Structure formats: C-alpha cells, structure tokens
Amino acid sequence: MKKLIVLVWLFLVGVACSSDDNKIENYFEPRELEMETILIGTDTDDLRLIRRENRVINDLHSWQVFVNEFTNGGLYVDNEMNYNPFVDVLENAIIDFETETVLAVVDNIGGGNTTIDIVVVTEHDDQVVVNIDRLYYGIATVISQAYHIVKVPKINKPTVFMELFDIHFR
C-alpha cells in the first residue's frame, strides 16, 4: 500500500512539474527607434507638388522622387526666381538605405499657421508606429505647409502613422 501511495505521489509530482507554466516565451518588447531629423519646418512654397501625406522611403529611387516632388524639381518660385534652398539639404543628406529608412510627414497647404512633428517612432513585434503631433495655431495671410523628415534604422515591418493631437488655437 505504501508503495502504491509513493508511486501515485511521484506520478502526480511528475505531472505537476511538467507543466508549461514555467516555459519562457519569446516576447518582443516594444522599443523606441532612434531618429535623426533631416529637415523640419514650415514653408510658404504653395507650388509644392506634395500635399498632405505620410511617406516611408526605403530606397534611393523613392528618395529622389520625393526630393523632386518636395522641391518642385529644384525650382523656387519667388520674385527673383532663386534656387530652392531645400535641394541642397535634401540631395546632400547622408542616408544609407541598406541600414536606414526615411519617414516624411507633410501637412496640407493652407492659410493657417501649423507645425508638424514626428514625436516618437516605436517598433512593435508586428509593426512600426510613428506618432505625429500636428498643431494648428490660427489663421495666416500667407500660404504655408509644415513638414518633418527623419531617418531611422531600417524598417521591414508595416508602418502606421498615428496622430497624437489635433489642437486648434484661434
């Protein structure tokens, strides 16, 4: 009888110890990606070819298309037909598309004072989330467009752009 109790006890201990409760799972801890600003500001070029959009750029050809659209092909239309100063900044930006991705957020062209900022870029197990802070602070007499262009470590996951705030001051 004692042998039977010992065998049953050993069986129960063996079953209890073989539980998957102690199993370590491969959990992906979300992490903030380091970003470097290439260009940020508000411009009054109302002839820009880009309207409000969020863009992920992973290769040189896509970058060149973006630069061409953002700078109107290098032209800066004002009273003196000067060269667009953004061309030098964007064309000379050092980007290694083997290891880096460019994220660009561009606001609508309009008659309001706006700012737009990429606040944080967070990598999750299944996607990358780009948090954007867009601030409207009144009506202006000048046509303007806000933008923020950054580079981050290479992204090979779907990218989601999320608005943090949409605040209007009048």
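The values are calculated or read from the model by the stated rules, or taken from the named source; none is laboratory data. Worth saying up front: this structure is predicted, and the values here are computed from it rather than measured. Ideal geometry is used to build each Cβ from the backbone, glycine not excepted, and the neighbour counts take in all protein chains shown. Surface areas here come from the heavy atoms of the whole protein model, side chains and all, with no ligands, DNA or RNA. Shrake-Rupley method; radii C 1.70, N 1.55, O 1.52, S 1.80 Å.
Exactly one condition in (1) at pLDDT below 65; (2) closer than 27 Å to Val130 by Cβ is false for Thr71; which is it?
For Thr71, the exception is condition (1).
Listed residues Thr101, Thr114; which is in a strand (DSSP E or B), at pLDDT below 85 and not charged (D, E, K, R)? Can you show your working first?
Numbers: Thr101 fails: at pLDDT below 85.
Going through Thr101, Thr114 in turn, just one is in a strand (DSSP E or B), at pLDDT below 85 and not charged (D, E, K, R): Thr114.
If you take the residues of the range 77-98 that are open to solvent by less than 50 Å² (accessible area, probe 1.4 Å) and closer than 22 Å to Ala146 by Cβ, which of them is modelled with the highest pLDDT?
Within the range 77-98, the subset open to solvent by less than 50 Å² (accessible area, probe 1.4 Å) is 84, 86-87, 90, 93, 95, 97.
Those still in the list that are closer than 22 Å to Ala146 by Cβ too: 84, 86-87, 90, 93, 95.
Working: Asn84: 64, Phe86: 75, Val87: 76, Leu90: 84, Ala93: 89, Ile95: 94.
The extreme case among them is Ile95.
Would you say Val65 is β-branched (Val, Ile, Thr), at pLDDT 65 or above, open to solvent by 50 Å² or more (accessible area, probe 1.4 Å) and part of a helix (DSSP H, G or I)?
Working: β-branched (Val, Ile, Thr): yes; at pLDDT 65 or above: yes; open to solvent by 50 Å² or more (accessible area, probe 1.4 Å): yes; part of a helix (DSSP H, G or I): yes.
Here the answer is yes, as Val65 does meet what is asked.
It is to be established whether one or more residues within the range 25-36 are open to solvent by 30 Å² or more (accessible area, probe 1.4 Å), modelled with pLDDT under 75 and within 24 Å of Tyr147 (Cα to Cα). I'd like the intermediate steps shown before the answer.
First, the residues of the range 25-36 that are open to solvent by 30 Å² or more (accessible area, probe 1.4 Å): 25-32, 34-36.
Still in the running and modelled with pLDDT under 75: 25-26.
Now drop any that are not within 24 Å of Tyr147 (Cα to Cα), which leaves none.
No.
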